[in-house]
Amino acid sequence: MGLLSSLAHPEEVVALLKFKFGGCETVMPKCDFSTMPPTRRRCYEFLKMTSRSFAAVIQALEGDLRDAVCIFYLVLRALDTVEDDMTIPIDVKVPMLKAFYTHLRESDWRFMESNEKDKMVLEEFPVIATEFQALAPIYQTVISDICQQMGEGMTIYLDQSPDSMDDWNEYCHYVAGLVGIGLSRLFSASAMEDTVVGEDTRLANSMGLFLQKTNIIRDFLEDVLQEREFWPKEAWGKYGKKMLELSRPEKRGDAVACLNELITNALHHIPDVLTYMSRLRNQSIFNFCAIPQVMAVATLERCYNNPAVFAGVVKIRKGEAVKMMMEATTMDSVKAIFSHFTTHIKERIPPNDPSVVTTRAIVDRTLTLTKVEQPYVSTSAYYPLYVSCAMLMGAIVWQYWTGISNVVNNVSSS
Ligand code: D61
Ligand code: MG
């Protein structure tokens, strides 16, 4: 959503101006590329080219963890670019995904037949492999292990969509839960976080599932129009024979009921997400983990009970995103943001929605877990101020206008 949409939310305009004029250096210190070997600098260029949402938070990580997470991202993005490429035949794709991790220890493997937007990470894979081999052995082990497991898992869902809710959890585990588990092992291996962070795989998995389910819910139309079906049949099968039917205007009621059911399912990961983040001790790691999570809950609120999901991709405003990015730096402010958007969902639960009881239960549980002193301030709290400012502005403009018209009248009458 463009910048203009934030004009009606002055506190977002303030955040955008702060962001524009370097107010987020504390949250997102820029890293200096001048001293880096060319292959490493090229990897950070790949990162900026392939990830809108993770590039800045990865670059803000401290110590040798930053390079490890950057390479981890590029290796998995390269693997995913093979998975997503609908022009690669399945009988070629399956062995490619299963053997992908072996290329990390080679010096010249590359793939030149991709038609995907991120194909550069496959065409210049030797650059990524070189930087992988320069990482500390413990980081190499984690990245290679996760890449192997994800490649295996991706082959299971190449020619079938998730059927049951358990299948949905399993698919999201392979493509995102494993990322959370790998990152947590990297955090502990860097000694910047306790060993429990890397050992508690259930919480780490939930961090990934909350993000991936949010993406799958939001990207319904974009995906279904490319015949990519990631919504579980157990949910949409109640309303039609084909997932695409949900996009028909005459099916909007059913579609929104299915949407609310999946959002309700995703909200059940919030207690784990909050527990996971409450264990983090390093500020740069906390910001890195918290920012994608608060963006996700804001996106779920925007999608909840919203028929626009079936007419296009619903996004949160740029100003809203920047405001949250600069505020999601403590557990209390993260809880306040989760509480804010959960309250908005609660206010919009339709009494006749099939998931009403389950939605109310998880919403109330989340509101209990996110009780904090300082609420997350959004537009509504500033209304009185805005109204008086608007009136003042109006008065000034009116004065100015009547002044001009008097002069004009005088001139024209003279
Ligand atoms: C803390 C901080 C970040 C976390 C986390 C915990 C747990 C999980 C994740 C990030 C991953 C969240 C994935 C959500 C976005 N979905 C995708 O990118 C899908 O591809 C998944 C397979 C490749 C995963 C690549 C990845 C993503 C983020 C990372 C990372 C690796 C490594 C380190 C840090 C962040 C989606 O791809 C969209 C696309 O093709 O553009 C798909 O194909 O389903
Ligand atoms: Mg994919």
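The values are calculated or read from the model by the stated rules, or taken from the named source; none is laboratory data. Since the structure is predicted, the reported quantities are computational estimates derived from the model, not experimental observations. Counting neighbours? That spans all protein chains shown, and the Cβs are built from the backbone with ideal geometry, glycine included.
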### Query
How about the stretch 115-133: which of its residues are part of a helix (DSSP H, G or I) and touching a residue at least 24 places away in the same chain (Cβ under 8 Å)?
M120, V121, L122, F125, V127, I128, A129, T130, E131, F132, Q133
#### Entry: Hits in the stretch 182-202 (condition: under 13 Å from V142 (Cα atoms), more than 12 Å from ligand 1 (Cβ to nearest atom), in contact with an Asp or Glu (Cβ under 8 Å, 6 or more places away or on another chain) and touching a residue at least 12 places away in the same chain (Cβ under 8 Å))
S190
### Query
Within the stretch 368-388, is even one residue assigned to a helix (DSSP H, G or I) and at pLDDT 95 or above?
yes
### Query
Residue check: is T329 at pLDDT 95 or above, under 25 Å from E11 (Cβ atoms) and among the hydroxyl-bearing types (S, T, Y)?
yes
### Task
Test L211 against the criterion of being surrounded by 15 or more Cβ atoms within 10 Å (Cβ to Cβ) and closer than 17 Å to T366 by Cβ, and give yes or no.
yes
#### Entry: Cross-chain or 6+ apart pairs with Cβ under 6 Å, the stretch 256-273 first and under 24 Å from F310 (Cβ atoms), then acidic (D, E)
N260/D353
### Query
Quick one: which of E170, E123 is more than 14 Å from ligand 2 (Cβ to nearest atom), of a type in the set (D, E) and farther than 19 Å from T81 by Cα?
E170
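Results for (1) touching a Pro at 6+ places or on another chain (Cβ under 9 Å); (2) in contact (Cβ under 8 Å) with a residue 40 or more places away in the chain; (3) assigned to a helix (DSSP H, G or I), shown as yes or no for each residue.
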site	(1), (2), (3)
I88	no, no, no
T102	no, no, yes
L135	no, yes, no
G153	no, no, yes
Q160	no, no, no
